[in-house]
Structure formats: C-alpha cells, structure tokens
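The values are calculated or read from the model by the stated rules, or taken from the named source; none is laboratory data. Here the structure is a predicted model, which is why all the values come from computation and not from measurement. Positions of Cβ are generated from backbone atoms using ideal geometry, with glycine treated the same way; all protein chains shown enter the neighbour counts. Ligands, DNA and RNA are stripped out before the accessible areas are found, and what is left, the full protein with its side chains, is counted by its heavy atoms. Shrake-Rupley method; radii C 1.70, N 1.55, O 1.52, S 1.80 Å.
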Amino acid sequence: MSRELADLSNEYQNSLDQTKLVYDYYGTGDTNTPLTYDILMTPSTLNDYMPITLTDTSGRVTLNSKYAAAAEAAGIPQEGLGTLPSETMRNTFIKQLAKQGLITDKTASTILGLPYNQGAGFGGDTTVALITDNGNINELLEYIHNTSTSTYSFTSLGYEPVVNKTNAGSTIPPTTSFSVYDLLSGTKSYSLLMISDDGQHYPDTKVQDVANKLVSPNGFVDWLYDEFSAVLDLGDGLTGAALSYAKSELTNLISWTGNLDEVSSKLGEYKYTNSSRDANNQSNSNYMSFTHTKLKSGIMHEKRNSYAAINFNNLAKAFITYFADYMNGVDKTDANGIDKYYVNKGSLKNSNRLATDDSLYMYTWATGSTVSSDDTGQAVFFDTLFNQICASGWTEDNNIGDKDYLQQMLQSGKLYISKIKDDGYYYQANYATDSYIKEIADETYIAQAEAKYNTQKEKLNSKEETLDLKMKNLDTEISSLTTEYDTVKNTISKNIEKSFKRYNA
C-alpha cells in the first residue's frame, strides 16, 4: 500500500503540469475553444477564410482522409507538382471536396463559377467575386456574339470603300464595320487592300501613316484589347497580364519597319474590301500580318497593279493566340518539342499554330454577375489550400482530427503551423509563436486527476483501516491463544509435579 500511495502521489503531481492548446482568435482570453483540425482547415471567420495548414518537417501539408482522397483524385502527387497547377486540376479538386462531403454541391458550383486564383498563398491578388463560365473557342464566340454589340469601322483609318462587282456586273456594297465575332467566326473575310498607282512603288509616308493608325491609342489594337478584356479579364492578375502580352505582341506583329523589301511590311495606299488575292491566286486571308505581291494579268478586277493587304480576321486570331499562349505558358511545347502556339509574322497561316484552331483549349470568361463575400471567401480558402498542397506536397494522417493527438504532435515537434503573412506568402513556425494559439493549464484534466487521486487515496485509507482492524483482531486472538497456551502449560506442569510427588511418597 505504501508503494501504491507513492505511485498515486507521483501521478497526481505530474498532472499538475498538464496543459492544453486553445484557439483565442478574438484575443479575449477565451479558454473554451480547443485547438482542432477543423478550426484550422474549415473556412470561417476564425481563420480569416485562409487555411492554417499543419505541416511536417519537410513542409508537406498534413491532410485527413477526406482531404487526402480529394488531393489524390485530383492527381496531386504527395511530393507536390514542382510547378503551377492547372485550372482543370483545381476544378477536379473542388469537385472531389464536394464528393467527400467537405463542401456542399452548391458551394462547389459557386467556386467553380469563380476564376481560379493561381497566386493565392503566393503573394497573389485576391479573388474577384465574378461569376465565370468556361468553354472552347466556339463557346466563347457564342457568348461574345450574344453579349457584345461593339464594332470597328474601316473608315476610322480614313479610307473610302471599294465597291465590288459580281460576275453579272451588279455592285456589292462594301462592309464598313465588323465585330470580334465577325472576325473570329469565319463567316466573312475582312481585308484592307492597297493598290499602287504605278504597279511598282509604295510611298513610305502613307505606309507609316496606316501602320501608326492601326496601333495608335483607340486604334484597332486597342479596340481588340478592350473587347477581349471585357470578357477575359477576371481581375486575378494572370488574365490581365495575358491580355497585355497579347496587345504588345500584336502591336509588334503589325508595326511598320520601314523596309519595303520585307514581305511582312509591304504597305501603301489602302482601300478596304471583302476579298483579295495574291499573285498565286491565294486569298490574303491565308497570310498573317501584311502581304505584298505584283499582280499578273486577270487576277484582280482586271488590273495589273501590285498591291498590299492585311487581313483583320487573322489579326484577331493572332491576338487570341497570344492570350492563350501566355495563359498556357509561352515556353510550353508538345511531345515533339514544338511550341504549343505561335504566330509567324508575314507567313502563310498554315505555318502558324493558332489557338482558334484548337477546340480543346478551354477559356474562362466573366459573365458579369457577382457572388457574396462569403462565397468569395470560400473560393479563396480552397484555392489557397489547393495551391499549398500542389507546391509543398501532402501526407495523410487519419488521426489528425483527434484534438488530443493533434496537440501531442504539435507539442512533440512532429508537426508545425503554417500561416499566411502580410506579404501573402506562407511560413512555417512552431505553434508557440502563433498569437491565436494559447497553451494553458488543463484545469479539467487536473480536476479529473485530483478526483482520481482522492478516490484512490480513500480506497487505500479504507484498506488500511480494514487491515488495522484485522491486525487488532489478530492481536486479540493471539493474546487469547497465548493465555490459553499458558494455562494449559501450567496445568500440565502442575499435574506432572503432583504425580512425581505422589509416587515419591
């Protein structure tokens, strides 16, 4: 019993040092909210709608079984991607979160309708609360066709139209304006045509004037940029940069170089028309940027002059190709090491790789509607979590949802807290450095230990009292037996003595 009492006392003394981790987000000294995995990994005001990840010594994010199943189904390797993830992978991850019951189908649908914030958790901009849709080039064009009414006019370049004639001699009124849909749908070809006065020469001053008008402020390039920005700029930084890249590259594509010997820069006195052909009887719609040729007899309008032309359909195709190229990664190549998309200045169209010819490339565009701040917060949270998992890798721990196990892993240094800082990036640190996480005496555990100590001590005291009583009873019994023994011994001794005396006598 002495040993049991000593062990019990030691256990109680140790319990007085027992602590617990609590989450005091509001800084009020609240000790009633235990630190749990759900608080850290479920979007709410308690974590500012930003995940607080638990990371191991290698920086990998520790996931419970449901999050791990979503990451695995999205194709995220446990060692991480080592590169920026795709929107397709992100969308799969969001769908899997709903499948695992971590979010509702409605929440998943809302998040999927918002632009993917590829920079969330890596210093990126906040997610814009725009509802988006996505689809291939045909679906994008259908949306533009149904929502945009803006057009661009040839007359903005200061040239009068060319009236075409049919074989029967009737006139065809020229089309003076077109929309982005007109340019990309392929229903008509819109070309600006120049015919030289003498069939040989093109005045440099006129060439410079036309080129400058195409790329000048509020010119054709700016009009294209504004039209595409209205639907493709999602306010996430990435799409804005892609649109700026497309504008810059298109400007370079059509800018005048001043060298009339370059096929890609042959310009002159322009007229506009819906049809023109080169010396090989090929439509100039087959060329990217400017074309120049010396015509042969009978090729165009029975004239024998040289001419230059530029096709506006191809300029629009070049713009959307530059945009897709930037979004896709300008250095991305196919299995043969060839650039995924590219535009060659002054070349035949079939020697280019245009995004408009790729029906598999998916665009995301803004529909003009917005969502609530709470839904936006949900999207920010899961985009950030997805980015961290892709960048750092992940591990699965089915016990992480148990708060006592979580506390043990943090206190033993096997897991760390990773949080976003003011610069928009995540940093790993010990839990003790987090201002919201407090380590306090575990009064409940101590009270339970004290109750156990008192109960066990009472039991030991009761055992001791019982033992004392038994000892007293044994002492009494021993005393009685001793008295009885002495009495019997004396009786025997006296009887022997009497016998000896009798027979002596």
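Just a few scattered comments:
- The residue that is modelled with the lowest pLDDT, among those in the stretch 128-156 that are open to solvent by 30 Å² or more (accessible area, probe 1.4 Å) and hydrophobic (A, V, I, L, M, F, W, C), is Val128.
- Applying the condition of being buried (at least 16 other Cβ atoms within 10 Å of the Cβ) and among the β-branched types (Val, Ile, Thr) to the stretch 370-394 and asking which residue is nearest to Val231 (Cα to Cα) yields Val371.
- Those residues of the stretch 30-44 which are touching a helix residue (DSSP H, G or I) at 6+ places or on another chain (Cβ under 9 Å) and either closer than 16 Å to Gln407 by Cβ or part of a helix (DSSP H, G or I) (or both), in sequence order: Thr31, Thr33, Pro34, Leu35, Thr36, Tyr37, Ile39, Leu40, Met41
- Evaluated against (1) exposed (fewer than 14 other Cβ atoms within 10 Å of the Cβ); (2) at pLDDT below 90; (3) charged (D, E, K, R), Asp48 falls short on exactly one condition, (1).
- For the stretch 55-88, a residue qualifies if it is in contact with a Gly (Cβ under 6 Å, 6 or more places away or on another chain) and not acidic (Asp, Glu), and the qualifying residues are Arg60, Asn64, Gln78, Gly80.
- Condition met for Thr110 (open to solvent by 40 Å² or more (accessible area, probe 1.4 Å) and either over 11 Å from Trp394 (Cβ atoms) or at pLDDT 95 or above (or both)): no
Let's see how each residue does on (1) touching a Gly at 6+ places or on another chain (Cβ under 9 Å); (2) open to solvent by 10 Å² or more (accessible area, probe 1.4 Å); (3) acidic (Asp, Glu):
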{"site": "Ile320", "(1), (2), (3)": "no, no, no"}
{"site": "Gly329", "(1), (2), (3)": "no, yes, no"}
{"site": "Asp334", "(1), (2), (3)": "no, yes, yes"}
{"site": "Gly337", "(1), (2), (3)": "no, yes, no"}
{"site": "Asp357", "(1), (2), (3)": "no, yes, yes"}
{"site": "Tyr361", "(1), (2), (3)": "no, yes, no"}
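- Only one entry in Ala318, Ala355 is at pLDDT 85 or above and over 27 Å from Gly113 (Cα atoms), namely Ala318.
- Within this structure, Tyr202 passes the test of being at pLDDT below 80 and either within 30 Å of Asp383 (Cβ to Cβ) or in a loop (DSSP other than H, G, I, E, B) (or both).
- The residues listed here are Asn399, Asn387; of these, the one that is polar (S, T, N, Q), without any contact (Cβ under 8 Å) to a residue 12 or more places away in the chain and either touching a Pro at 6+ places or on another chain (Cβ under 7 Å) or within 26 Å of Ile76 (Cβ to Cβ) (or both) is Asn399.
- Test: residue in the stretch 360-381 that is among the charged types (D, E, K, R) and modelled with pLDDT of 90 or more: no
- The C-beta contact set for the stretch 130-141 (first residue assigned to a helix (DSSP H, G or I), second residue open to solvent by 70 Å² or more (accessible area, probe 1.4 Å) and polar (S, T, N, Q), distance under 8 angstrom, 6+ apart or interchain) is empty.
- When residues of the stretch 212-241 are limited to those that are within 32 Å of the chain's Cα centre (by Cα) and aromatic (Phe, Trp, Tyr), the one most open to solvent (accessible area, probe 1.4 Å): Tyr225
- Scope the stretch 419-447; condition acidic (Asp, Glu), open to solvent by 50 Å² or more (accessible area, probe 1.4 Å) and modelled with pLDDT under 80; matching residues: Glu443
- Number of positions in the stretch 448-463 that are open to solvent by 80 Å² or more (accessible area, probe 1.4 Å) and modelled with pLDDT of 70 or more: 3
- Residue identified as more than 25 Å from Gln96 (Cα to Cα) and either in contact (Cβ under 8 Å) with a residue 40 or more places away in the chain or in contact with a Leu (Cβ under 6 Å, 6 or more places away or on another chain) (or both) among Lys414, Lys332, Lys421: Lys414
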